[in-house]
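Below is one structure; the comments refer to it alone.
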Protein chains: 2
Amino acid sequence: MEMSKVIPVILSGGAGTRLWPVSRSAYPKPFMRMADGESLLYKTLERALRMASDGHVLTVTGRDYYFLSRDDYARHPQARRDRLPFLLEPTGRNTAPAVLLAALYVRHHFGADATLLVLPADHLIRDIDAFVADARRAAALATDGRLVTFGIVPSAPETGFGYIRMGALIAEGDAAASTAIRKIGAFVEKPDRETAQRYLDSGEYLWNSGMFCFRADALLEAAQQHCPDVLAAAQACHATASGSGSPVEFGREAFAAMPDISLDYAIMERAGNCAVVPATFDWSDIGSWKAVSELDADIQTDAAGNRIRGSAIVVESENCYIQGDKRMVAAVGVKNLLIVDTGDAVLVADRERAQQVKLVVDQLRKSGHDSARFHQTVHRPWGSFTVLEDEADCKVKRLTVKPGGVLSLQLHHRRSEHWTVVTGTAKVRVGDREFLLERNESTYIPVNTLHRLENPTEADVHLIEVQCGDYFGEDDIVRLEDKYGRAGSSIDKPAA
Amino acid sequence: MEMSKVIPVILSGGAGTRLWPVSRSAYPKPFMRMADGESLLYKTLERALRMASDGHVLTVTGRDYYFLSRDDYARHPQARRDRLPFLLEPTGRNTAPAVLLAALYVRHHFGADATLLVLPADHLIRDIDAFVADARRAAALATDGRLVTFGIVPSAPETGFGYIRMGALIAEGDAAASTAIRKIGAFVEKPDRETAQRYLDSGEYLWNSGMFCFRADALLEAAQQHCPDVLAAAQACHATASGSGSPVEFGREAFAAMPDISLDYAIMERAGNCAVVPATFDWSDIGSWKAVSELDADIQTDAAGNRIRGSAIVVESENCYIQGDKRMVAAVGVKNLLIVDTGDAVLVADRERAQQVKLVVDQLRKSGHDSARFHQTVHRPWGSFTVLEDEADCKVKRLTVKPGGVLSLQLHHRRSEHWTVVTGTAKVRVGDREFLLERNESTYIPVNTLHRLENPTEADVHLIEVQCGDYFGEDDIVRLEDKYGRAGSSIDKPAA
């Protein structure tokens, strides 16, 4: 049987508040780096490219994450930017609208018989070969017009996942019965502990992974039948799509008019032609620091069960997970703790209470504390900046400008700036003068003076900025021109 | 009875490794700030001045702590620098040599009948009036030639202190028998838990506080009788004292030749004319983070027994002590923890294992890690600096220069420096030019160029220094002149 074209669709977003302080709304879970230095998003792209016909992978994500995602993708040797289109959501939305918009896009660009392989960007799968084998089986089923989901064989009575009760056999997979492809008996809600144990013991239930595979036309037909209102709203939104190139943006109102409903609930639970592929690959949804602490690779475990990433000293402590950054972490006489340290915040949590980390973020949001949203390092289309000092008399930043990166033409009313280049060569405009600023050279930008910083070279530029003044808020930036469209309505949030 | 002149003697030093990461060898326990913002050393000076005849207080401390101590003292409204002499120890030594050198100094400058009131700088006493009352009683006894020690009425079966068994009554104190002055029955070593409980129950034992009171001549006579070798070595060392002004330094070899022995062991345990004053004041030796967490004032306790200094969010946690700095600390589902956060290190310890924090410092020292010794902020005779960034391509510091502070005339072979003044007005020499650098002005110091920074004003100068080069070690400083004697053999360690 000839398979139709497979277009992987990466769904990337979500706050991941249980993974604070590493995951924050401006830098959420898909961007979180594992011990090997790669982000979950990058790893998802890696999987997707293994299944992609001609290297095409579609990504659906928030506008704020566009440049960050593109930078992450650009590091992959097989990634070609013209084959990695983006659909940008103006606000967070549920999976049914996102997947329907993806299906409409895929039908338009790749044909109605093209197959979507939907992959959330915040899952970790290590055995890519097994993933590819399962995805191929799913794609073969999808060619028949089936709506396929992937079920994870449960290893514990988890109460944090929905389950899938398996129905009749469709086709034999491997020798092991658990990997045979089945019809779907039922989708069931997150169970209590006792019910979860029963599900586990019965061998008839799988975790609902949120990964799917179906032909564009099959999904859209099912939508027409089971949720015509969602489909109509998605079509209306699709009609507002900006131009034909990537990134695709949508009309804000048309987008907001789509119902907030999951694909499971809108279509999968109602359609008769569904199937589930029990996964033969390992899987973690990295749902909490406990899950991170239990990942089996890359980090050594000492005799007392402690696992350490970064600099730490452990004295008479057991079963702790410590993830540090630049600072020294010391644990003395403690057990079963998760200790996660970042530039501006540290978390100390009981391993079994890891789910409650989200309550910290709730409290931080209520109090308006920045550490709910931003890291000490903030990513921008042109690169990133790290705040080194923020005091009443000055603010000091390290700026990293990517090759070709251009900050907006701007001025400030309440601060002057002193720039010193410490790596590379920058092009600088100050007032009417434009000049190159080499490593170990500095310049001064007085208050109310137009200025612009760019990197005309092929290598990163690093620059130390010392701001003097009486107010250093990001809102004292008057933008006159911006390469990334941030002077008017914008893809990114207002900032340097 | 007329009291002789009382000269308080502050013994300041000691690593305080149990209080890492706040106490470090370059900034040890006496400099640790309590919740009210004052250091233990400052508080000791405050007590001392209440007892000092004519405001004279002698301090015995390490050479590395001289400028830091003087700055701390200078903030006291009644402190007069010409009445606060220092004896500087080239290396750490035990209490017998330190106190004998103090007695020789006091006899020389204030007469043989002057009374020493010896006060360790790392104790916390809140009820100063009660302290003064007890110290007066001790001084009265000392006038009679007695060697007086202060005993603390035990409140728990502590195993970390030595004890004093009280002997016969000398004089009635208050109505309460426990405050009556006694002869010393015996000095006893740190007991085990059971013995400590027995001592506590008996009512006949006091904690040995390490505070003393005696006339200079009485102590020196007792030394002649009970430890003539230590006295002879102290006299030899005293003879090497530098000039007559403060600070007094000693010959390194003569100092090192003094035996490493405590005053208790060398004299107090052997002398017959001792007395103990049971303290009527509160007392803590701040021996561990547990002790800090139990201090009763200045910090609010929530309903679950958590106490927080700094920014913290606590979720379903009990009985934790959290001391933060600038960063956010979050505790989730934890109990009985001590969490102490500083600019470059964080400690998480079980409250009952607080003594073992010293093992962290042992490990850091073994591995040569800077955080055993230095803070992110390093104190210097002219002020302080804080490292904001230390990367391969640059090092960024905030410098604070005190009024009148002058950095050494220096040059660097492997780095250039960019200075921007953000508060105040500095006087700068670069090569042969000398000029004022105002707030929001910057200057550049090329490699191999002589330069000097000073503060000619009455207010602090803050300056951001960006170093560019390929090596940023403190040993790439060639000093040509130094106001604080650091160009040749030095009081302070080599540094900016």
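Annotations for the structure displayed:
- The residues on offer are A:480, A:436, and the sole one that is open to solvent by 70 Å² or more (accessible area, probe 1.4 Å), modelled with pLDDT under 95 and assigned to a strand (DSSP E or B) is A:480.
- Selection within segment A:338-353 - open to solvent by 10 Å² or more (accessible area, probe 1.4 Å), at the interface with chain B (Cβ under 7 Å from one of its Cβ atoms) and in contact with a helix residue (DSSP H, G or I) (Cβ under 7 Å, 6 or more places away or on another chain): A:344
- Of the residues making up segment B:51-70, those that are under 27 Å from residue B:378 (Cα atoms) and touching a strand residue (DSSP E or B) at 6+ places or on another chain (Cβ under 8 Å) are B:57, B:58, B:59, B:60, B:61, B:62, B:63, B:66, B:67, B:68, B:69, B:70.
- Residue count for segment B:300-314 satisfying the condition of being aliphatic (A, V, I, L, M), open to solvent by less than 30 Å² (accessible area, probe 1.4 Å) and more than 9 Å from chain A (Cβ to nearest Cβ): 1.
- Among residues of segment A:392-419, those that are in contact with a Leu (Cβ under 7 Å, 6 or more places away or on another chain) and of a type in the set (S, T, N, Q), counted: 1
- In summary, residue B:471 fulfils each of the numbered conditions (1) more than 9 Å from every other protein chain (Cβ to nearest Cβ); (2) closer than 22 Å to residue A:416 by Cβ; (3) open to solvent by 40 Å² or more (accessible area, probe 1.4 Å) with the single exception of condition (2).
- Residue in segment B:150-167 that is under 23 Å from residue B:8 (Cβ atoms) and part of a helix (DSSP H, G or I) present: no
- Within segment A:189-208, the set of residues being within 20 Å of residue A:169 (Cβ to Cβ) and under 30 Å from the mean Cα position of the chain (by Cα) comprises A:205, A:206, A:207, A:208.
- Yes/no for residue A:413 being open to solvent by 60 Å² or more (accessible area, probe 1.4 Å) and more than 32 Å from the chain's Cα centre (by Cα): yes
- The combined condition, being surrounded by 19 or more Cβ atoms within 10 Å (Cβ to Cβ), farther than 19 Å from residue B:467 by Cβ and in contact (Cβ under 8 Å) with a residue 40 or more places away in the chain, is not fulfilled by residue A:450.
- Boolean, residue B:295 is surrounded by 20 or more Cβ atoms within 10 Å (Cβ to Cβ) and under 23 Å from the mean Cα position of the chain (by Cα): no
- Of all residue pairs spaced 6 or more apart or on separate chains, those with beta-carbon atoms under 7 Å, a first member in segment A:280-295 that is farther than 21 Å from residue A:151 by Cβ and a second member that is assigned to a loop (DSSP other than H, G, I, E, B) are A:292/A:286.
- For residue A:384, the requirement of being at the interface with chain B (Cβ under 7 Å from one of its Cβ atoms) and under 22 Å from the mean Cα position of the chain (by Cα) is not met.
- Top-ranked residue in segment A:315-337 [being open to solvent by 10 Å² or more (accessible area, probe 1.4 Å) and more than 9 Å from chain B (Cβ to nearest Cβ); ranked as farthest from residue B:364 (Cα to Cα)]: A:336
- Only residues that are β-branched (Val, Ile, Thr) and within 12 Å of residue A:69 (Cα to Cα) were counted across segment A:22-46, and they come to 1.
- Yes/no for residue A:140 being open to solvent by 10 Å² or more (accessible area, probe 1.4 Å), part of a loop (DSSP other than H, G, I, E, B) and out of contact with any Pro (no Cβ under 8 Å at 6 or more places or on another chain): no
- Looking only at segment B:33-91, and only at residues there that are open to solvent by 30 Å² or more (accessible area, probe 1.4 Å) and among the basic types (Lys, Arg), the one that is nearest to residue B:134 (Cα to Cα): B:50
- Residue ranges of helices (runs of 4 or more DSSP H) in segment B:19-110 with at least 2 members over 14 Å from the mean Cα position of the chain (by Cα) and over 30 Å from residue B:299 (Cβ atoms): B:95-110
- Apart from one condition, residue A:338 fits all of (1) out of contact with any Phe, Trp or Tyr (no Cβ under 6 Å at 6 or more places or on another chain); (2) within 30 Å of residue B:22 (Cα to Cα); the exception is (1).
- Across segment B:394-411, the number of residues qualifying as of a type outside the set (Gly, Ala, Ser) and not in a strand (DSSP E or B) comes to 3.
- Only listed residue being aliphatic (A, V, I, L, M) and open to solvent by 30 Å² or more (accessible area, probe 1.4 Å), chosen from B:256, B:180: B:256
- Test: residue in segment B:474-483 that is touching a residue at least 60 places away in the same chain (Cβ under 8 Å) and either aromatic (Phe, Trp, Tyr) or within 14 Å of chain A (Cβ to nearest Cβ) (or both): no
- Residue A:375 vs. criteria assigned to a loop (DSSP other than H, G, I, E, B) and crowded, with 17+ Cβ neighbours inside 10 Å: yes
- Among residues of segment A:388-400 that are more than 9 Å from chain B (Cβ to nearest Cβ), those with a beta-carbon under 8 Å from a residue that is among the acidic types (Asp, Glu) at least six positions away or on a different chain give the pairs A:395/A:389; A:397/A:465; A:399/A:465; A:400/A:460.
- Condition check for residue A:495 on (1) in a loop (DSSP other than H, G, I, E, B); (2) at pLDDT 95 or above; (3) not charged (D, E, K, R): one failure, at (2).
- Remark: pairs (first residue in segment A:412-433, assigned to a strand (DSSP E or B); second residue open to solvent by less than 30 Å² (accessible area, probe 1.4 Å) and among the small types (Gly, Ala, Ser); Cβ separation under 8 Å; 6+ apart in sequence or on different chains) = A:415/A:469; A:416/A:469; A:419/A:426.
- The residues in segment A:354-371 that are open to solvent by 20 Å² or more (accessible area, probe 1.4 Å), at the interface with chain B (Cβ under 7 Å from one of its Cβ atoms) and assigned to a helix (DSSP H, G or I) can be counted, and the count is 3.
The values are calculated or read from the model by the stated rules, or taken from the named source; none is laboratory data. Note that the structure is predicted; figures quoted are calculated from it, not measured. No Cβ is skipped: glycine too gets one built from the backbone with ideal geometry, and neighbour counts run over all protein chains shown. We work out accessible area using only protein heavy atoms, side chains counted, and drop any ligands, DNA or RNA first. Shrake-Rupley method; radii C 1.70, N 1.55, O 1.52, S 1.80 Å.
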